[in-house]
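Below is a structure I'd like to ask you about.
The values are calculated or read from the model by the stated rules, or taken from the named source; none is laboratory data. Note that the structure is predicted; figures quoted are calculated from it, not measured. Note: ideal-geometry Cβ built from the backbone for every residue, glycine included; neighbour counts use all protein chains shown.
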Amino acid sequence: MTSIEQNSEQAITAMLGMHNIAVVGLSSKEDRPSHAVAAYLQAHGYQIIPIHPNEEEVLGEKAYPNLAAVPADVQIDVVDVFRRAEDTPEIVQQAAERGAKGVWLQLEIESDAAAQVAQTAGLLFVQNHCMKIEHHKHQVR
């Protein structure tokens, strides 16, 4: 279990230092925030794993309907979530089962229930922050 406080600068920095990011809710529509954030992260050296039940491929990467469908040999470090807050506890549970090290809920997504699941599972957890904005502020890569 991690001893890093949830939503802390330390949690943000730790997750920004990881390489493989599953983006739940990643749309192929270029005007969507999920697409803009994932494209930015991909351009800065991150491996993007699109998760969306209605997509086949996004940003040149094969998309999967959910985290469980991602092949076991594909490493997931961080799960970046673009879904409604009420959907997040289940996504955090799936991330834990899949072996992710952390879960990041994007701007305006907050869930005490998801935070509790993450804490119980020992996952790094950040909510109501944007990975693109935080990466730009921290200039990790």
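Which residues, counting only those in region 18-31, are touching a helix residue (DSSP H, G or I) at 6+ places or on another chain (Cβ under 9 Å) and on the phi < 0 side of the Ramachandran plot? It would help to see each step written out before you state the result.
Taking region 18-31 first, the residues touching a helix residue (DSSP H, G or I) at 6+ places or on another chain (Cβ under 9 Å) are 21-30.
The answer is Ile21, Ala22, Val23, Val24, Leu26, Ser27, Ser28, Lys29, Glu30.
Within the group Ala22, Ala14, which residue is buried (at least 17 other Cβ atoms within 10 Å of the Cβ), under 11 Å from the mean Cα position of the chain (by Cα) and of a type outside the set (Ser, Thr, Tyr)?
Details: Ala14 fails: under 11 Å from the mean Cα position of the chain (by Cα).
Unique residue meeting the criteria: Ala22.
Please state which one of Gln106, Gln75, Gln139 is surrounded by fewer than 18 Cβ atoms within 10 Å (Cβ to Cβ) and within 14 Å of the chain's Cα centre (by Cα).
Numbers: Gln106 fails: surrounded by fewer than 18 Cβ atoms within 10 Å (Cβ to Cβ); Gln139 fails: within 14 Å of the chain's Cα centre (by Cα).
From the options Gln106, Gln75, Gln139, the qualifying one is Gln75.
Considering only residues of region 25-56 that are among the small types (Gly, Ala, Ser) and in a helix (DSSP H, G or I), which is nearest to Ile91 (Cα to Cα)?
First, the residues of region 25-56 that are among the small types (Gly, Ala, Ser): 25, 27-28, 34, 36, 38-39, 43, 45.
Now narrow it down to the ones that are in a helix (DSSP H, G or I): 34, 36, 38-39, 43.
Details: Ser34: 16, Ala36: 21, Ala38: 18, Ala39: 22, Ala43: 25 Å.
Looking at residues that are among the small types (Gly, Ala, Ser) and in a helix (DSSP H, G or I), I get Ser34.
Another question about this same structure. Checking Ala85 against (1) closer than 16 Å to Ala38 by Cβ; (2) without any contact (Cβ under 8 Å) to a residue 60 or more places away in the chain; (3) in contact with a strand residue (DSSP E or B) (Cβ under 8 Å, 6 or more places away or on another chain), which test does it fail?
All conditions pass for Ala85, except number (1).
So His129 clears everything in (1) in contact with a Leu (Cβ under 6 Å, 6 or more places away or on another chain); (2) in a loop (DSSP other than H, G, I, E, B) except one condition, right? Which one?
Of (1) in contact with a Leu (Cβ under 6 Å, 6 or more places away or on another chain); (2) in a loop (DSSP other than H, G, I, E, B), only one is false for His129: (1).
Another question about this same structure. Would you check if Ile51 is in contact with a helix residue (DSSP H, G or I) (Cβ under 9 Å, 6 or more places away or on another chain), at pLDDT below 95, aliphatic (A, V, I, L, M) and farther than 13 Å from Met131 by Cα?
Numbers: in contact with a helix residue (DSSP H, G or I) (Cβ under 9 Å, 6 or more places away or on another chain): yes; at pLDDT below 95: no; aliphatic (A, V, I, L, M): yes; farther than 13 Å from Met131 by Cα: yes.
It is false that Ile51 is in contact with a helix residue (DSSP H, G or I) (Cβ under 9 Å, 6 or more places away or on another chain), at pLDDT below 95, aliphatic (A, V, I, L, M) and farther than 13 Å from Met131 by Cα.
Confirm whether Leu41 is surrounded by 16 or more Cβ atoms within 10 Å (Cβ to Cβ) and hydrophobic (A, V, I, L, M, F, W, C). Before you say what the answer is, go through the steps one by one.
Details: surrounded by 16 or more Cβ atoms within 10 Å (Cβ to Cβ): yes; hydrophobic (A, V, I, L, M, F, W, C): yes.
Criteria met by Leu41.
Pick out the one residue from Ala114, Ala100 that is part of a helix (DSSP H, G or I), among the small types (Gly, Ala, Ser) and in contact (Cβ under 8 Å) with a residue 24 or more places away in the chain.
On the way: Ala100 fails: part of a helix (DSSP H, G or I).
Result of the check over Ala114, Ala100: Ala114.
Being out of contact with any Ser or Thr (no Cβ under 9 Å at 6 or more places or on another chain) and either in a helix (DSSP H, G or I) or of a type in the set (Val, Ile, Thr) (or both) is the filter; apply it to region 1-11 and report the residue that is nearest to Ile133 (Cα to Cα).
Among residues in region 1-11 that are out of contact with any Ser or Thr (no Cβ under 9 Å at 6 or more places or on another chain) and either in a helix (DSSP H, G or I) or of a type in the set (Val, Ile, Thr) (or both), the one nearest to Ile133 (Cα to Cα) is Glu9.
Looking at region 25-48, I want the residues that are touching a residue at least 12 places away in the same chain (Cβ under 8 Å) and have a partner that is surrounded by fewer than 15 Cβ atoms within 10 Å (Cβ to Cβ) with Cβ atoms under 7 Å, at least 6 apart or on another chain. Which pairs are those?
Filtered contacts from region 25-48: His35/Lys29; His44/Arg141; Gly45/Arg141; Tyr46/His19; Gln47/His19.
A follow-up question, please. Which condition number does Gln93 fail, the rest of (1) more than 19 Å from Thr13 (Cβ to Cβ); (2) part of a loop (DSSP other than H, G, I, E, B) being met?
(2)
I would also like to ask the following. Determine which member of the set Ala14, Ala22 is small (Gly, Ala, Ser), within 18 Å of Ala96 (Cα to Cα) and assigned to a strand (DSSP E or B).
Details: Ala14 fails: assigned to a strand (DSSP E or B).
Going through Ala14, Ala22 in turn, just one is small (Gly, Ala, Ser), within 18 Å of Ala96 (Cα to Cα) and assigned to a strand (DSSP E or B): Ala22.
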